[in-house]
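Just so it is clear, none of the values below were taken in a lab; they were calculated from the coordinates. Here the structure is a predicted model, which is why all the values come from computation and not from measurement. Heads up, the Cβs are rebuilt from the backbone with ideal geometry, glycines too, and the neighbour counts pull from every protein chain shown.
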Amino acid sequence: MKRFRTNPWVCLLLGLFALFSFGSASRESLTYDEAIHITSGFIFWKTGSYLDPLHPPLLRLWAAIPLLFCRLGWPDLKNYHARDIWIYCFMFLNHNRLPVDTLVLLSRSMMILLGIGLGYLVWRWSKEVFGEVGAAASLTAYCFLPPILAFSHYVTTDFGPPVFSTLALYMAWRWRDQSKYIQSWILGVCSGLALSAKFTEVLLLPMLAFSRIRHWVAHQEWRKGMTWTSEHVLLFSFGLASVFLLCYRFFERNCRSTHSRRKKSHGRDTESPGTGLCSK
């Protein structure tokens, strides 16, 4: 009965959050940096060429997933230089087969899904700590918090990193009294997701280490035989590195193969008439 009373409240709040977010996403125009994030993610998927290396690619790839099913074209990269990156993004978004508002809304919908996931995580964590009443209060505050509603639907690197860092901290807190190898690897994967969302999330690593050492000292875990060995650290590092390198190495190989195909084709790329977009 407790689960039946709680779940409808959670669904209602998250539904309202999604409704508010989609309403804002559909009415607001494209922000300054969303153009490069959306375009970089799509071009990375398609060609392996990363337009703007100032940020990790995870959130850009995530936001561009719906665009992969839209049969879009893209400008030929060899016609643009680094200083023309904003012109390239403008050409991709404004001279394509779908209106720019549709492309932006599709990409923003993926960020809204992250916001819904973070809301559920807030409710889940609060329920384990404070009970059902505290969880309902935490989720209500989250769903109606102005900064969350203002930024959760933008395709930027501002909202995504807290989602993955909160997930990593939750996993570390939940497994604070356990020392299984698989848990160390999963915690490393969650940390890798956070680091692949924004470089500044490297600060998460000392936070996790400090929380683990503090719990280890406060509860005298060495007397219980519960401690992290070198195997746990290696599995954590492997999980982190596997996610972080997957976002780069896979596409780096794709990028090399793409450049080799272009070199063999000797510039035979075709363009859609009147748009300047590659059709292959």
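Report the calculated FRET efficiency for ILE116 and ILE87 (r = Cβ-Cβ distance, R0 = 41 Å), to the nearest 0.05. Calculated transfer efficiency: 0.75.
At a 10 angstrom cut-off on C-beta neighbours, averaged per residue, how do the peptides 65-71, 35-41, 111-117 rank from highest to lowest? The partial results should precede the final answer.
Details: 65-71: 14.1, 35-41: 24.3, 111-117: 19.3.
Ranked by mean Cβ neighbours within 10 Å, highest first: 35-41, 111-117, 65-71.
Here each label is just a point 7 Å from Cα along the line to Cβ, and for LEU54 and ALA137 those points are 4.2 nm apart. Inter-label distance, LYS180 to ILE213: 2.8 nm, where each label sits 7 Å from its Cα along the C-beta direction.
Computed about its Cα centre, the charge dipole of the stretch 15-101 is approximately 260 debye, with only Lys, Arg, Asp and Glu carrying charge at their Cβ.
Which whole-number percent gives the relative contact order of the stretch 1-156, counting Cα pairs below 8 Å spaced six or more residues apart? Could you put the intermediate results ahead of the total?
Values: 163 pairs, mean separation 52.5, N = 156.
Relative contact order, the stretch 1-156: 34 percent.
Stretch HIS95-ARG27 to full length: gain in nm at 0.36 nm per residue minus the Cα-Cα span? Mind showing how you got there, number by number?
Numbers: separation 68, 0.36 × 68 = 24.48 nm, distance 2.06 nm.
Value of the extension gain: 22.4 nm.
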